[in-house]
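Undergrad: Quick one: the structure is below, questions incoming.
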Amino acid sequence: MSDKPEISPKMQNLYDLAAELDDLGHIAALLGWDQQVNMPHGGAEERGLQSAAIGRIMHEKFTSDEVGQLIDDLVEEVGDLNAETDEARAIKVAKRVYEKQTKVPLPMLMEQIKVTTMAHQAWEEAKAKSDFSIFQPLLEKIVDLRKQYADLFKPYDHVYDPLLDDFEPGMKTAEVKEIFNKLRPQQVELLQAIAEKEPPDNSFLKQHYDEDLQETIGRYVITRFGYDWNRGRLDLAAHPFTTEFGQGDVRITTRYLKDDAGSALFSTMHEAGHAMYAQGVPPKYRRHPLSGAASLAIHESQSRLWENLVGRSKEFWSFFYPSLQMLFPQYLGNVSETDFYRGINRVEPSFIRVEADEATYNMHIMLRLEIEIGLMEGTIAVGDLPEIWNTKMQDYLGITPPDVARGVLQDVHWSGGMIGYFPTYALGNLASVQLWDKMLEENPNIPDEIAQGKFDTILGWMREHIHQYGSKFEPQELMLKATGSKITPEPYIQYLKTKYGEIYNL
Ligand code: CO
């Protein structure tokens, strides 16, 4: 006997459509994974066409008038889309995506694809030559197209809202600004206090650790965390990422650097955090409209939690450092556990966002958000970006990039038209600590468990409060349910002050 509730024929139609789109989406993901992990250089052009073909089929299937009619009928049938049933939320998600996708006129969509393809090439060349003028005309076109896109969603409170909403459903620019306005002065103050202190030594990390051993360690650590190898795999790629081809196959990648042993281990923990989220969505949401994640910020809260709150904690290293030290006596034989812990948590303003430590990371994001908002409002001109970038870097981090490759051109996002994405990284950091605090309040033994190499209470809590809902709830709604509060900066500020106050003796 199945205890599945009866669903209407129309609801079944929506589920069937979602299942087919899920299959196609996972085929597209497989093409993308192969492109980054295995594909020879010569495959790029045809692979691009193959990926575009899948994208086109998915778009056509989903944006037809029949699907629009089906969604309208279901809205009528179910009534309140905010009811907390899977059916209501599945329709809500489908309606939202349908409205977004059908709003964009085909010529605009084609123009976007054309411009971003050219922009990506121009960005690569501009970055390699460190010459902003190569990228500038295309970025101007992208900003213009993004404004046109935002205007499709008028009336809005802010021109940046429709862009942000693509990555953080339901979130408003005003909310993010308010959060960052509270965060910024406190984080600047902390960084100034840190800058006056002697930084801990981390030269023991800047060595060439054996790569096979690094891989063994990475695999061992994430196995203990709870990454399911029966439904996962680890490969090498130039840029670490996580991708999924269904609940039964969530893959991660990493890379080993010759002069930085921490990089691979921490990024493996990070990607495993993303992957365990995807592995934790329940089987009932397999090939389902709610099979995804709540948002990018919620996703990032999971990766950051395992990477930073677990992986860079004192307790974790009290469990794991003796083993690591035995494996690498030549580098770590004379480094005490305390010195190791302080070394991996060294704070250092740096030019590159992806290399930033916990205490400086959000500053890189705030700078980008201010610039993106300025570009969309028209108060910042694309041509002035290199100068504005450098001024803000100096203001926030006290350093000026020596060239545009290490400044305004460092990230790929804008070349792909992704304006509105960056804030999700910082919001994820904030959410990670909020979830952590709530979890510890309910499970005060967790630090002791970590020190014994036990992580199942953490994963279990995340399964129960985050993973089990898939994309059923919007991010702020989910945070409210899980922690009693929407995303707020205070816990993160407190966390940084406590942790770095101790490390730096502030
Ligand atoms: Co991430």
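The values are calculated or read from the model by the stated rules, or taken from the named source; none is laboratory data. Treat the numbers as computed from the prediction; the structure is a model and nothing was measured. Cβ placement follows ideal geometry from the backbone for every residue including glycine, while neighbour counts extend to all protein chains displayed.
Undergrad: Of the conditions (1) within 16 Å of the ligand (Cβ to nearest atom); (2) outside any helix (DSSP H, G or I); (3) surrounded by 24 or more Cβ atoms within 10 Å (Cβ to Cβ), Met418 clears all except one; give me its number.
TA: It fails just one condition, (3).
Undergrad: Among the residues of region 207-220, is any crowded, with 18+ Cβ neighbours inside 10 Å and within 15 Å of the ligand (Cβ to nearest atom)?
TA: no
Undergrad: Of all residues in region 434-449, which are surrounded by fewer than 23 Cβ atoms within 10 Å (Cβ to Cβ) and in a helix (DSSP H, G or I)?
TA: Correct list: Asp437, Lys438, Met439, Leu440, Glu441, Glu442, Ile446, Pro447, Asp448, Glu449.
Undergrad: Right, something else. Name the one entry in Glu111, Glu76, Glu124, Glu99 that is charged (D, E, K, R), over 29 Å from the mean Cα position of the chain (by Cα) and in a helix (DSSP H, G or I).
TA: Glu76
Undergrad: Which of the residues spanning region 212-233 are part of a helix (DSSP H, G or I), in contact with a strand residue (DSSP E or B) (Cβ under 7 Å, 6 or more places away or on another chain) and either not assigned by TED's automatic domain parsing to the domain that holds His270 or not small (Gly, Ala, Ser) (or both)?
TA: Within region 212-233, Arg219, Arg231 meet the criteria.
Undergrad: Filter region 304-324 for residues that are touching a residue at least 60 places away in the same chain (Cβ under 8 Å) and among the hydrophobic types (A, V, I, L, M, F, W, C) and give the result.
TA: Leu305, Trp306, Leu309, Val310, Phe316, Phe319, Phe320, Leu324
Undergrad: Can you tell me which of Thr379, Thr338 is among the β-branched types (Val, Ile, Thr) and either crowded, with 20+ Cβ neighbours inside 10 Å or in a helix (DSSP H, G or I) (or both)?
TA: Thr338
Undergrad: Mind counting the residues in region 325-339 that are within 27 Å of Ser432 (Cβ to Cβ) and in contact (Cβ under 8 Å) with a residue 40 or more places away in the chain?
TA: Here the count works out to 1.
Undergrad: Moving to a separate point now. Any idea how many residues of region 79-96 are touching a helix residue (DSSP H, G or I) at 6+ places or on another chain (Cβ under 7 Å) and part of a helix (DSSP H, G or I)?
TA: Going through region 79-96 one residue at a time, the tally reaches 6.
Undergrad: Can you pull out every residue in region 475-496 that is buried (at least 22 other Cβ atoms within 10 Å of the Cβ) and not aliphatic (A, V, I, L, M)?
TA: Within region 475-496, Pro475, Gln476, Pro489, Tyr492 meet the criteria.
Undergrad: Return the residues of region 37-46 that are at pLDDT 90 or above and part of a helix (DSSP H, G or I); say none if nothing qualifies.
TA: Within region 37-46, Val37, Gly42, Gly43, Glu46 qualify.
Undergrad: Taking the stated definitions as given, is Val404 within 27 Å of Glu348 (Cβ to Cβ), touching a residue at least 40 places away in the same chain (Cβ under 8 Å), buried (at least 17 other Cβ atoms within 10 Å of the Cβ) and not basic (Lys, Arg)?
TA: Spelling it out, Val404 is indeed within 27 Å of Glu348 (Cβ to Cβ), touching a residue at least 40 places away in the same chain (Cβ under 8 Å), buried (at least 17 other Cβ atoms within 10 Å of the Cβ) and not basic (Lys, Arg).
Undergrad: Can you name every residue in region 234-250 that is out of contact with any Asp or Glu (no Cβ under 7 Å at 6 or more places or on another chain), in a strand (DSSP E or B) and within 13 Å of Leu30 (Cα to Cα)?
TA: Listed by number, the residues that qualify are Thr243, Glu244.
Undergrad: When Asp437 is evaluated against the numbered criteria (1) modelled with pLDDT of 95 or more; (2) within 16 Å of the ligand (Cβ to nearest atom), which criterion, by number, is the only one it fails?
TA: (2)
Undergrad: Turning to a different aspect of this structure: Mind listing whichever residues of region 286-333 are outside any helix (DSSP H, G or I), within 16 Å of the ligand (Cβ to nearest atom) and farther than 24 Å from Asp210 by Cα?
TA: Residues satisfying the conditions are Gly292, Ala293, Ala294, Ser295.
Undergrad: Do you know which residues across region 248-279 are more than 16 Å from the ligand (Cβ to nearest atom) and crowded, with 22+ Cβ neighbours inside 10 Å?
TA: The one that is more than 16 Å from the ligand (Cβ to nearest atom) and crowded, with 22+ Cβ neighbours inside 10 Å: Ala261.
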